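Here is the structure we will look at.
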Amino acid sequence: MDINDFVTTLDLHDIGKEMYGLISRLFPICRSITGNGFRETLDIIKEHIPLNVFEIPTGTQVFDWTVPKEWNIQDAYIKDSRGERIVDFRQSNLHVVSYSVPIKGRVSLAELKKHLFSLPDYPDRIPYRTSYYKEDWGFCLSHKQLLTLRDGDYEVCIDSSLKDGHLTYGECYIRGETEEEFLISCHVCHPSLCNDNLSGVALAIYLGKILGQLPVRYSYRFLFIPGTIGSITWLAGNEETAFRIKHGLVIVGVGDEGKITYKRSRRGNSVVDRAAEFFLRQSGEPFEIEAFSPYGYDERQFCSPGFNLPVGCFQRTPFGRYAEYHTSADNLQFVKPEKLADSLAKCLSIIHIVDSDITYLNTLPKCEPQLGKRGLYEQVGGDSQSKRLQLAMLWTLNLSDGENSLLEIAERSGLEFEIIKKAAALLSEQSLLEQTSRPKVTVRDGVS
Amino acid sequence: MDINDFVTTLDLHDIGKEMYGLISRLFPICRSITGNGFRETLDIIKEHIPLNVFEIPTGTQVFDWTVPKEWNIQDAYIKDSRGERIVDFRQSNLHVVSYSVPIKGRVSLAELKKHLFSLPDYPDRIPYRTSYYKEDWGFCLSHKQLLTLRDGDYEVCIDSSLKDGHLTYGECYIRGETEEEFLISCHVCHPSLCNDNLSGVALAIYLGKILGQLPVRYSYRFLFIPGTIGSITWLAGNEETAFRIKHGLVIVGVGDEGKITYKRSRRGNSVVDRAAEFFLRQSGEPFEIEAFSPYGYDERQFCSPGFNLPVGCFQRTPFGRYAEYHTSADNLQFVKPEKLADSLAKCLSIIHIVDSDITYLNTLPKCEPQLGKRGLYEQVGGDSQSKRLQLAMLWTLNLSDGENSLLEIAERSGLEFEIIKKAAALLSEQSLLEQTSRPKVTVRDGVS
Amino acid sequence: MDINDFVTTLDLHDIGKEMYGLISRLFPICRSITGNGFRETLDIIKEHIPLNVFEIPTGTQVFDWTVPKEWNIQDAYIKDSRGERIVDFRQSNLHVVSYSVPIKGRVSLAELKKHLFSLPDYPDRIPYRTSYYKEDWGFCLSHKQLLTLRDGDYEVCIDSSLKDGHLTYGECYIRGETEEEFLISCHVCHPSLCNDNLSGVALAIYLGKILGQLPVRYSYRFLFIPGTIGSITWLAGNEETAFRIKHGLVIVGVGDEGKITYKRSRRGNSVVDRAAEFFLRQSGEPFEIEAFSPYGYDERQFCSPGFNLPVGCFQRTPFGRYAEYHTSADNLQFVKPEKLADSLAKCLSIIHIVDSDITYLNTLPKCEPQLGKRGLYEQVGGDSQSKRLQLAMLWTLNLSDGENSLLEIAERSGLEFEIIKKAAALLSEQSLLEQTSRPKVTVRDGVS
């Protein structure tokens, strides 16, 4: 059973519910780019897929950046003059600006307001705010609530710690036929937000579960990392072996109701870019292809000019184009089980094309081989399907001159990838094709 | 007189009638991929153009294929219980499945029906059927007639022979200035069918007659071969010298009322591809350009990856897109004299461009040469035409840096090929251009 | 202050009036491809910019051409039978065919008419005619006047001289940071015609005045030459050093009310071609981009295949597409001060892009550098503009791999060139970029 066969047997309703359940369990945890919330999340991921957890000490130099102090938080609140918690971390971890330094004391409303963040355009929502690289503290609250605050003194408390510790990330590695790698990366650094980024985390986990059970050509490396600093840290620590990554996807925002958006890698025409576009175009469903831009998620780092890895971004509605983005409205109501399942199936289909995109060589390239005497015209049943398979065999023979992979043959013929793949399998059985691109990986000494 | 001059003096009405007359004469002959009908056809072709006839023995290995047994047929019929010939080979040679093995005997209607073929969608037409590679027998008849058959016994007789013999084909070679070749190929293996393939045969014959009288740069090789096995046999026998083919056209289906369709070679941008598109675009008449696909006529073999010859396909309505295709309705009423003549003229025009597509080098490339002092501005009469010729001279001088042939200059300038060619001739007379691409052909020892 | 800063401070109203004033002063002079009118014009140009004047003797061989005799004229007329000057050179220097040989005598109307030129379609206009390379004489007059001429004898007088002398041209050289050159060329050989060519002359003079005051990367060479023979003469005399020209513009017809038309260089995608298209596209105003053709102005010589210099043509309505072209209607009413100023500003903007189009190398190409710690996120004020500058920094870092110049980054990002340039400057200050393309010019011995 290959990836595509698996997709066709997938019960989308069930798996969507499972993914949604996982998101619901991860939702309450207060994550940031470091700290125990991140570790707790990795522990839950570990229940689903094998995970190596790495701890990188504060202060480690990673290219132009430095691993920051570790942040943890127990409690936080604002109390009014009557001693009532009017803003309470226990109700929503979005209420505290991530990386807020500890504070405890009384402040006037005027002073307090300098540390309050709200969204006047969406008065019911709590915004999501961080202050990773500037030591400060703050609270987020709905604009509606902000407007109710009366003059007077308020008690503010943020029971957090910001001190030397570690940046934590998880890695899952699935060994395939070759040491060449397909990278799947998602950021795990957001607190109670669903689409950005728990939907991506859930999708990556399920990709790992599924690909771990199937025979795959590439080795798959999954990264569960904090955004930006996490990919920079990983690339700094794996600079020597990053060249093994032949394809990659950053996965994010895959639970909303929008159509699939694929953002190309910096190269613009890498195999994963072409596979995504080919699949989405043939899917018959609405989709969007975006050019690369150096703004977005961790593809910014993977596609920095010194690496230029062929890593695209698989998402539904891109960040900043839905009003729930980075607010308390990106919650369990916003993501839909059926959209999670749809994203999973489509992502698998794209991965399938990349994983199966072999280049063959026609062993009898002078004139057509006689297919009839090998029974290759009779292999097939129904009329129109039979004609298509015959056509697929002719295309595959004609273009298998060592220059064209199966994806290129599918693109040029206009036939589906699956029928080209089936044609190639039938022709290979008859020794009319032989594989040319069994990937050769040079492994350097001392590199695992 | 060059090819284009000849085209402008062609009496389309007369030549269309001549071509049609030739088709009428060839129509009754029962051809197949081997046998005496094929030989008889070549004998008639020989009346028009010099032809070398080749006989390749049954059993000869040609790449992945084997030359089949030779098939001949004298008579065939189905007689009803009253002894009347209700299906009679003498009335239409389409009535017998080509390559039917001999049979004589009585069969029940039920048994007979396993060997009968008709077209329910076109109840008046007899289909055309073959069984080259599976020994079997059968009759084709109109569906209307099939429905009239009553229960009872029928006498069936196919007085054919299928035994070791030869595959026959004809070759006409017209020596040009250079040993580089332009291939014209048509299949001659169909019985009484007009558009597919007698129209192509007639066009090829007339191309041969005309090109044989004119000064040509390339050597022209015409193949009159059975489809598929014929081109494979020819390529197998001429593997060493096939590299001389620099351009080629498969010609088929050129007598129907549809517009011209040009199917590109596998390379997609060979000179003949570009010449055809350029000419058709400037013709002002409807036309179609199709991408290469490995399905169709003998271009499948010439464009197989081991040869990848620059051979396109010149046709009117492509096979399978007209309902008369491979039925008794593809008859003398279906092809039109004026369409045959139009196809001939257009095909000659395309060949003309290829044959004249020389690359020159500007001998005074620094600044414009002074045309006035050489009388090159006065060479020309009427005003607008004079301006165009002057422009053509400037374009030809400017682009003749060794990178651009006349066709490329015509494409880039938007001027007609003829005026560019005329400009180049005038400039050459004044030694402002010299030819760079006088084709150099390496002839290997022992190759004629 | 760079070129773009200068453009933003330019008072278009004032400078348009100045340019128009200059044209008005140059208008009455009777120029041709040689002679005192040309010298007088250069004397006036010299009042505005430093100019080296070159005198090339008659008979000098310049590639395929020969420097012609020098032509001068004092007076010319046609007198009717009553002795009245009915056609008078002193009223319009267009009345005499340029390069007319001297003549004095009486001729019949029939004889005279062989030497008269008019425009039946525009009966009020005097045409502009030359006879440089065929010794002849002639008068131009309005068709209306031509129709009034009665039978009888006429006295004709052309008090001209055509004898060995010189071809004169002027050159202005502005030294920039590098010896690589930007060529600005205009023809100065037309008598009382405004758009073609005084508008181009005026624009070139103002470019020279402005660029002479500003720090520029390239060295700018301005040619004030007679059309065709002037550029051929210059190229013949500067064959060795012409390779220093990295960009160039022929400037002509920039005072009419039409939109800007940019005609590409023969290369089609040289930096100046791309800069012009990029600027005009972002300008939001109508414009036209034309492919190169070897017909037009001196770009024909600069783009001849032996030089193939990257020289485009900057103009408003191209020659031959306005009815005033080469007639007395191309006068001081036809050119507009505001269009002259608009042409100047746009031409400067294009030159600015070329002059600033540096290729940088990201010095920290692995992952993004941390912009925050360098204060690069705070450098900027307003919100949307700040976001755009941040985006511009990310694009510039991402694409500065040595393959992409600032123009390419602007093209790919869709951001304005100025914001990319600003981003590059900020990043350079922080040593995050270093310049790679500081142009290296090999200067041969003995070449000034």
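Considering only the label points, 7 Å along Cα→Cβ from Cα, what distances in nm to one decimal separate residue B:111 from the same position in each other copy, shortest first?
11.2, 11.2
Angle, helix B:417-429 long axis vs. longest principal axis of chain B, Cα atoms, 0 to 90°, nearest 10?
In chain B, helix B:417-429 runs at an angle near 40 degrees to the longest axis.
Per the helix-only calculation at 222 nm, which mean residue ellipticity applies to chain A, given -39500 (n - 2.57) for every DSSP H run of n ≥ 4 and division by its residues, nearest 500 deg cm²/dmol?
Values: 13 runs with 140 residues, N = 448.
Per the formula, -9500 deg cm²/dmol.
Taking the DSSP beta bridges in the stretch A:160-224 as the whole, what percent of them are antiparallel, to the nearest 5?
Values: 5 of 11 bridges.
Expressed as a percentage, antiparallel bridges in the stretch A:160-224 total about 45.
Just to confirm a number: summing +1 for Lys and Arg and -1 for Asp and Glu over residues other than residue C:342 whose beta-carbon lies under 12 angstrom from that of residue C:342, what do you get?
Details: positive: C:259, C:316, C:336, C:339, C:346; negative: C:256, C:257, C:285, C:338.
Around residue C:342, the charge tally is +1.
Using the Cα centre as the reference, give the magnitude of the dipole from point charges on the C-beta atoms of the stretch B:1-134 (Lys, Arg: +1; Asp, Glu: -1; all else neutral), rounded to the nearest 20 debye.
1040 debye
Within 10 Å, at most 14 other Cβ atoms, and a DSSP state outside H, G, I, E, B define an exposed site. Report the longest part of chain C free of exposed trypsin sites (Lys or Arg not before Pro). Please list the in-between numbers first.
Numbers: sites that count: C:82, C:90, C:114, C:134, C:150, C:175, C:259, C:321, C:440, C:444.
Here the longest segment lacking exposed loop sites spans C:322-439.
Quick one: work out the % antiparallel among DSSP beta bridges in chain C, nearest 5.
Numbers: 41 of 64 bridges.
So the antiparallel bridges in chain C amount to around 65 percent.
To test your reading of the geometry: what angle, between 0 and 90 degrees and rounded to tens, separates the Cα axis of helix B:383-399 from the longest principal axis of chain B?
With both axes taken from Cα atoms, the answer is about 90 degrees.
Given H placed on each backbone N at 1.01 Å, which residues far from residue C:125 in sequence or on other chains put an amide H within less than 5 Å of it?
C:143
So how far apart, in nm, are the two label points at residue B:289 and residue B:55 if each is 7 Å from Cα heading toward Cβ?
In this crude spin-label approximation the distance works out to 4.6 nm.
Using only Cα atoms, figure out Rg for chain B and give it as a multiple of 2.2 N^0.38 Å. Intermediate values should be presented prior to the final figure.
Working: Rg = 25.3 Å, N = 448, 2.2 N^0.38 = 22.4 Å.
So chain B has a normalised radius of gyration of 1.13.
Using alpha-carbon pairs under 8 Å, 6+ residues apart, how would you state the relative contact order of the stretch C:261-307 in percent?
It comes to 47 percent, rounded to a whole number.
Please list, in order along the stretch A:296-310, the HN-Hα scalar couplings obtained from phi with the Karplus expression 6.51 cos²θ - 1.76 cosθ + 1.60 (θ = phi - 60°), rounded to whole Hz, x for Gly and Pro.
x, 9, 5, 4, 4, 7, 4, 9, 5, x, x, 10, 6, 6, x
Which value, to two decimals, describes the C-alpha radius of gyration of the protein assembly as shown once divided by 2.2 N^0.38 Å?
Details: Rg = 40.6 Å, N = 1344, 2.2 N^0.38 = 34.0 Å.
Compared with the compact-globule rule of thumb, the protein assembly as shown sits at 1.20.
Among A:121, A:273, C:164, which comes first, second and so on when ranked by fewest other beta-carbon atoms within 10 Å?
Numbers: A:121 8, A:273 22, C:164 11.
The order, fewest Cβ neighbours first, is A:121, C:164, A:273.
I'd like the Karplus ³J(HN,Hα) series for the stretch C:234-244: coefficients 6.51, -1.76, 1.60, θ = phi - 60°, whole numbers in Hz, and an x wherever there's a Gly or Pro.
5, 5, 5, x, 10, 4, 6, 9, 4, 5, 6
Could you work out how far the C-alpha centroid of the stretch C:199-239 sits from that of the stretch A:40-92, in angstrom?
Value for the Cα centre distance between the two parts: 66 Å.
Determine which aspartates and glutamates satisfy two conditions relative to residue A:163: a Cα distance under 12 Å, and not lying fewer than 8 residues away in the same chain.
Filter leaves A:70, A:135.
Could you work out the local net charge near residue B:61, counting Lys and Arg as +1, Asp and Glu as -1, over the other residues with Cβ closer than 14 Å to its Cβ?
Numbers: positive: A:366, A:373; negative: B:64, B:239.
Net of charged neighbours comes to 0.
Report the FRET efficiency, 1/(1 + (r/R0)^6), for residue B:109 and residue B:164, where r is their Cβ-Cβ distance and R0 is 30 Å, rounded to 0.05.
Values: r = 35 Å, r/R0 = 1.18.
Result of the calculation: an efficiency of 0.25.
Would you mind counting up the charge near residue A:263? Only other residues with Cβ under 10 Å from its Cβ, with Lys and Arg at +1 and Asp and Glu at -1.
Numbers: positive: A:264; negative: A:273, A:288, A:290, A:299.
Result for the neighbourhood of residue A:263: -3.
Restricting to DSSP loop positions (anything but H, G, I, E, B) with no more than 14 other Cβ atoms inside 10 Å of their own Cβ, which GluC sites (Glu not before Pro) remain in the stretch A:40-85? Display every interim value, and only then the final one.
Values: sites: A:40, A:47, A:55, A:70, A:84; in loops: A:47, A:84.
Hits after loop and neighbour filter: A:47, A:84.
Hey, for residue B:257 with labels 7 Å out along Cα-Cβ, what do the inter-copy distances come to in nm, ordered shortest first?
Ordered by increasing distance: 5.4, 5.4 nm.
Answer with one residue from A:297, A:278, A:318: the one whose Cα lies farthest towards the positive end of the charge dipole of the stretch A:260-416, charges on Cβ with Lys, Arg +1 and Asp, Glu -1.
Towards the positive end, the residue furthest out is A:278.
Please report, for residue B:88, the nm distances (one decimal) from its label point, 7 Å out from Cα along the beta-carbon direction, to the equivalent points in the remaining copies, shortest first.
Distances to the matching label points in the other copies: 10.4, 10.5 nm.
What pairs from A:246/A:387; C:17/C:46; B:113/B:336; A:387/B:104; A:373/B:79; C:46/C:336 go past 26 Å between their alpha carbons?
Numbers: A:246/A:387 35 Å; C:17/C:46 19 Å; B:113/B:336 36 Å; A:387/B:104 35 Å; A:373/B:79 35 Å; C:46/C:336 24 Å.
Result: A:246/A:387; B:113/B:336; A:387/B:104; A:373/B:79 exceed 26 Å.
Which ³J(HN,Hα) values, rounded to whole Hz and listed in residue order, are derived for the stretch C:94-110 from phi using the Karplus coefficients 6.51, -1.76 and 1.60 in 6.51 cos²θ - 1.76 cosθ + 1.60 with θ = phi - 60°, glycine and proline given as x?
Once θ is set to phi - 60°, the couplings for the stretch C:94-110 become 6, 5, 9, 4, 4, 6, 4, 6, x, 8, 8, x, 10, 9, 6, 4, 4 Hz.
Report the charge-dipole magnitude of the stretch B:103-216 in Debye, nearest 20, computed about the Cα centre from +1 at each Lys and Arg Cβ and -1 at each Asp and Glu Cβ.
Working: 12 positive and 16 negative charges, 109 e Å.
For this selection, approximately 520 debye.
Going by amide H atoms built from the backbone, whose H comes under 5 Å of the H on residue C:184, apart from near neighbours?
Close amide H contacts, sequence-distant or interchain: C:221, C:222, C:223, C:249.
Which far-off residues, 5 or more places away or on another chain, put their amide H under 5 Å from the one on residue A:70, with H placed in the peptide plane?
A:163, A:164, A:165, A:166
Using the alpha-carbon atoms, what tilt in degrees (0 to 90, nearest 10) does helix B:200-211 show relative to the longest principal axis of chain B?
Helix B:200-211 and the main axis of chain B meet at about 30 degrees.
Take every DSSP beta bridge whose two residues both sit in the protein assembly as shown, then give the antiparallel share in percent to the nearest 5. Mind showing how you got there, number by number?
On the way: 123 of 192 bridges.
Counting DSSP beta bridges with both partners in the protein assembly as shown, the antiparallel share is about 65 percent.
Taking all pairs of different Cα atoms in the stretch B:293-361, averaging 1/r and flipping that mean, what Kirkwood radius in angstroms comes out?
14.9 Å
What is the dipole size for the stretch A:255-319, taken about its Cα centre, with +1 at each Lys and Arg Cβ and -1 at each Asp and Glu Cβ, in debye to the nearest 20?
Working: 9 positive and 9 negative charges, 53 e Å.
Here the size comes out at about 260 debye.
Chain A: which residue's Cβ hugs the A-to-C rotation axis most tightly, distance rounded to whole Å?
Residue with the nearest Cβ, plus whole-Å distance, for chain A: A:269, 11.
Throughout, read-outs are computed from the coordinates displayed, never taken from laboratory work. Every value quoted in this text rests on a predicted model; they were computed, and no experiment measured them. So basically every Cβ, Gly included, is an ideal-geometry build from the backbone, and we count neighbours across all protein chains shown.
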